[in-house]
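Here the structure comes first, spelled out in C-alpha cells, and everything after it is commentary.
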Amino acid sequence: HALPLTYSSVKINAGKAQDFLAEADAKGWGHAAIIVNYESAWRDPLSDLRLKCQWDTVVLDECHKIKTPGGRAWRFCAKLRRRARKVYGLTGTPMPHSPLDLYGQMRAIAPDLYGSNYHAFERRYSLLGEFRQPISYINQQEMQEKFFSVAFQAGRECITLPDATHTVIPVTLEATARRPYSELAKDLATEIAGGQITASNALTKLLRLHQITGGMVKNDDGAMLRVSTAKRAALIDLLEGMGGEPCVVFCLFSGDIDAVREACA
C-alpha cells in the first residue's frame, strides 16, 4: 500500500498521512509507504508526524537535491535518518557541481562516512581561495574509496534502451508566413496584419525568424501575432500516430508551448 502526498496543502497531507498510518496499523498491512517531495517533507505538521514514527526504510530519491549543508530539506533528512533503520539514496548525479556535493547527501545516508563537520570535510578535500571558494580538489582517491564503500554504481548493462532513431519531419509554411519570413530574412523588416516587425541586428533577426516558423511572432508594439499553424498541424499528426506513447516536446518560446497545448487538446 502506498500513499502519494500530492496536490494538497501540507496540513491536509499531514492528516492524510496520519489516517493512512492508522489504517495500516489497524489492518496489519505488511508494507505501507508514504511518498512526499522534498519541498513538503520538512514543513510542519508533516515533518513532526514523520519524525515521531520509526521507519523501516527511507528512500531519498534524487538525493543530490539535499546536497547543500544547512538547507531545510537537508536538516530534515538528517533528523529523519535517526528515525530509520535503513536509508537509501538514489541519484544519477551525486556530484552535480563539485566533489564537495557528497557531504550533505552522506550526512543523511551514512553520517559517519565523512564526519560531522562540513568545514573539516571541505579542508580535507579541497583547497579554498580568498572567499572560501574551492580552487582545486585534493585527496580525491580517498574520497572516492570512502564513497564506494557505501555506494553502488549501476553500469550501462542495466540500461535496456532501443537504438536511437532520428526522423526529420518537413514542415511547409503557409504563404502568409513565407512572405514575412523571406522579407525579414532579406531586409530586416516586414509588415503583416497587426503591425510592423523589424530586427535591429542579426541576433534579433534570428529570434524573429524562429518565432515565425513556430507560428507566433512579436511585432514592434510588443503584441504577439499568429502567422502560422503549420508546425502545430505537424505535431498533431505526429501525436495521433504515436497512440498512447509518452512524448516530450521541447520549445523555444512561450508561443510554442501554447501551440503544443492546443495540439494536445
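The values are calculated or read from the model by the stated rules, or taken from the named source; none is laboratory data. Everything numeric in this text was worked out from a predicted model, so none of it was measured. A quick note on method: Cβ atoms are made from the backbone with ideal geometry, for glycine too, and the neighbour counts reach across all protein chains shown. The area values use the complete protein model at the heavy-atom level, side chains included, leaving out ligands, DNA and RNA. Shrake-Rupley method; radii C 1.70, N 1.55, O 1.52, S 1.80 Å.
Kindly evaluate Leu238 against the criterion of being among the hydrophobic types (A, V, I, L, M, F, W, C) and either under 17 Å from Leu184 (Cβ atoms) or free of Cβ contacts under 8 Å to residues at least 12 places away in the same chain (or both).
Values: among the hydrophobic types (A, V, I, L, M, F, W, C): yes; either under 17 Å from Leu184 (Cβ atoms) or free of Cβ contacts under 8 Å to residues at least 12 places away in the same chain (or both): no.
Against the criterion (among the hydrophobic types (A, V, I, L, M, F, W, C) and either under 17 Å from Leu184 (Cβ atoms) or free of Cβ contacts under 8 Å to residues at least 12 places away in the same chain (or both)), Leu238 does not qualify.
I need a count of the residues in the stretch 136-157 that are within 17 Å of Gly115 (Cα to Cα), assigned to a loop (DSSP other than H, G, I, E, B) and either open to solvent by 60 Å² or more (accessible area, probe 1.4 Å) or of a type in the set (Ser, Thr, Tyr) (or both).
4
Can you tell me how many residues within the stretch 176-186 are closer than 17 Å to Met224 by Cα and either open to solvent by less than 50 Å² (accessible area, probe 1.4 Å) or touching a Cys at 6+ places or on another chain (Cβ under 7 Å) (or both)? If you could, list the steps in order and put the result at the bottom.
Within the stretch 176-186, the subset closer than 17 Å to Met224 by Cα is 176-177, 180-181, 184.
After this cut, where a residue has to be either open to solvent by less than 50 Å² (accessible area, probe 1.4 Å) or touching a Cys at 6+ places or on another chain (Cβ under 7 Å) (or both) as well, the list is 177, 180, 184.
Result for the stretch 176-186: 3.
Having 1 or more residues that are out of contact with any helix residue (DSSP H, G or I) (no Cβ under 9 Å at 6 or more places or on another chain) is the bar; report the helices (runs of 4 or more DSSP H) wholly within the stretch 1-57 that clear it.
Values: elements: 10-27, 38-41, 46-52.
By residue number, 10-27, 46-52.
Quickly run through the stretch 93-126 and pick out the residues that are over 22 Å from Arg82 (Cβ atoms), over 22 Å from the mean Cα position of the chain (by Cα) and part of a helix (DSSP H, G or I).
Residues satisfying the conditions are His119, Glu122, Arg123, Arg124, Tyr125.
Of all residues in the stretch 68-92, which are among the hydroxyl-bearing types (Ser, Thr, Tyr) and more than 20 Å from Ser136 (Cα to Cα)? Give the derivation first.
Step one: filter the stretch 68-92 for residues among the hydroxyl-bearing types (Ser, Thr, Tyr), giving 68, 88, 91.
Tyr88, Thr91 - these are the residues of the stretch 68-92 that are among the hydroxyl-bearing types (Ser, Thr, Tyr) and more than 20 Å from Ser136 (Cα to Cα).
Within the stretch 30-45, how many residues turn out to be open to solvent by less than 30 Å² (accessible area, probe 1.4 Å) and among the hydroxyl-bearing types (Ser, Thr, Tyr)?
So the answer is 1.
Failed condition for Thr160, given (1) open to solvent by less than 100 Å² (accessible area, probe 1.4 Å); (2) more than 30 Å from Lys205 (Cα to Cα); (3) among the hydroxyl-bearing types (Ser, Thr, Tyr), with all others met?
(1)
Matching residues to (1) open to solvent by less than 90 Å² (accessible area, probe 1.4 Å); (2) in contact with a Ser or Thr (Cβ under 6 Å, 6 or more places away or on another chain); (3) in contact (Cβ under 8 Å) with a residue 24 or more places away in the chain:
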| position | (1), (2), (3) |
| --- | --- |
| Leu3 | yes, no, yes |
| Ser8 | yes, no, no |
| Gly28 | yes, no, no |
| Ser47 | yes, no, yes |
| Asp56 | no, no, yes |
| Arg82 | no, no, no |
| Lys86 | no, yes, yes |
| Pro94 | yes, no, yes |
| Met106 | yes, no, yes |
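Between Pro69, Pro99, Pro111, which is open to solvent by less than 30 Å² (accessible area, probe 1.4 Å) and touching a residue at least 24 places away in the same chain (Cβ under 8 Å)? Talk me through it step by step, then tell me what you get.
Details: Pro69 fails: open to solvent by less than 30 Å² (accessible area, probe 1.4 Å); Pro111 fails: open to solvent by less than 30 Å² (accessible area, probe 1.4 Å).
Of Pro69, Pro99, Pro111, the one residue that is open to solvent by less than 30 Å² (accessible area, probe 1.4 Å) and touching a residue at least 24 places away in the same chain (Cβ under 8 Å) is Pro99.
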